[in-house]
Structure formats: structure tokens, C-alpha cells
């Protein structure tokens with residue numbers, strides 16, 4: 001899958017250095033794949049959550065962080081929307097701003 005944009009991941013791990021290793025591990029896995037459905041994603045990421053047609057939320061770093069992406073299976077692309085701490089994710093979820 002083509003990941004757009006890796007820069008958001010880098011900016012996050014510069015602020016949260018302990019997120020660098022798990023985000024790089026996630027990136028290494030998805031770059032080697034061509035996911036066709038949420039079921040295929042679930043094979044690699046059992047804890048992934050699917051919100052609507054495209055939106056997927058990954059638990060990163062032992063549930064410490066959340067990676068929110070749009071998975072465009074038809075285009076072979078993953079669009080990084082948000083990289084958040086667990087607290088930020090919970091606040092945005094309550095506000096309805098994901």
C-alpha cells in the first residue's frame with residue numbers, strides 16, 4: 001500500500017519518541033501489502049477498528065497511541081488522518097471530530 005503522508009508519522013514520533021518504533025513497524029507491514037478489505041487488514045492487525053467505509057483506527061504502542069487512517073482499498077493507498085495519544089483520541093471521539 002502507498003502511505004500518504006509519512007511526514008505526519010515522523011512529526012508525531014519527534015514529539016513522542018517512544019512511538020517511533022511501533023509506527024515504523026506498522027509502516028513496514030502495510031507497505032508490503034495490498035489490502036483488499038477490512039478482513040485482510042484484520043489478519044495483520046487484530047485490534048484494528050473500522051469506522052465506515054474507509055476509516056480505520058490502529059492501536060499503536062500497546063494501546064498508548066491511535067493511528068487514524070483512510071484505507072482506500074480500491075486505490076492501494078492509505079491516507080494518514082491523525083496520529084493521537086489515547087487521551088486525544090478519546091476526547092475527539094466524544095466530540096465527534098474524527
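Reported count of residues in region 21-50, each being out of contact with any strand residue (DSSP E or B) (no Cβ under 7 Å at 6 or more places or on another chain) and under 18 Å from residue 68 (Cβ atoms), is 6. Going through 96, 62 one at a time, which residue ends up being exposed (fewer than 12 other Cβ atoms within 10 Å of the Cβ) and under 15 Å from the mean Cα position of the chain (by Cα)? Step by step, each of 96, 62 is checked, and only 62 is exposed (fewer than 12 other Cβ atoms within 10 Å of the Cβ) and under 15 Å from the mean Cα position of the chain (by Cα). For region 65-88, the set of residues classified as at pLDDT below 95, surrounded by 12 or more Cβ atoms within 10 Å (Cβ to Cβ) and over 15 Å from residue 8 (Cβ atoms) consists of 86 only. Scanning region 62-98 for residues that are touching a residue at least 40 places away in the same chain (Cβ under 8 Å), over 20 Å from residue 42 (Cα atoms) and assigned to a loop (DSSP other than H, G, I, E, B) returns a single hit, 98.
I'd like to check something: does region 28-37 contain any residue that is surrounded by fewer than 16 Cβ atoms within 10 Å (Cβ to Cβ), closer than 15 Å to residue 59 by Cα and under 13 Å from the mean Cα position of the chain (by Cα)? Reasoning before the result, please.
Keep residues of region 28-37 that are surrounded by fewer than 16 Cβ atoms within 10 Å (Cβ to Cβ), which gives 28-29, 31-34, 36-37.
Restricting the remaining residues to those that are closer than 15 Å to residue 59 by Cα gives 29.
Okay, now just the ones that are also under 13 Å from the mean Cα position of the chain (by Cα), so 29.
Within region 28-37, one or more residues are surrounded by fewer than 16 Cβ atoms within 10 Å (Cβ to Cβ), closer than 15 Å to residue 59 by Cα and under 13 Å from the mean Cα position of the chain (by Cα).
Taking the stated definitions as given, is residue 58 at pLDDT 95 or above and assigned to a strand (DSSP E or B)? Spelling it out, residue 58 is indeed at pLDDT 95 or above and assigned to a strand (DSSP E or B).
Whether any residue in region 11-19 is surrounded by 11 or more Cβ atoms within 10 Å (Cβ to Cβ), more than 14 Å from residue 83 (Cα to Cα) and touching a strand residue (DSSP E or B) at 6+ places or on another chain (Cβ under 6 Å) is what I want to check.
Here is the first cut: in region 11-19, the ones surrounded by 11 or more Cβ atoms within 10 Å (Cβ to Cβ) are 11-13, 16, 18-19.
Narrowing further to those that are more than 14 Å from residue 83 (Cα to Cα): none.
Within region 11-19 (the criterion being surrounded by 11 or more Cβ atoms within 10 Å (Cβ to Cβ), more than 14 Å from residue 83 (Cα to Cα) and touching a strand residue (DSSP E or B) at 6+ places or on another chain (Cβ under 6 Å)), the answer is no, since none of the residues qualifies.
The values are calculated or read from the model by the stated rules, or taken from the named source; none is laboratory data. Worth saying up front: this structure is predicted, and the values here are computed from it rather than measured. Neighbour counts run over all protein chains shown; Cβ positions are idealised from the backbone, glycine included.
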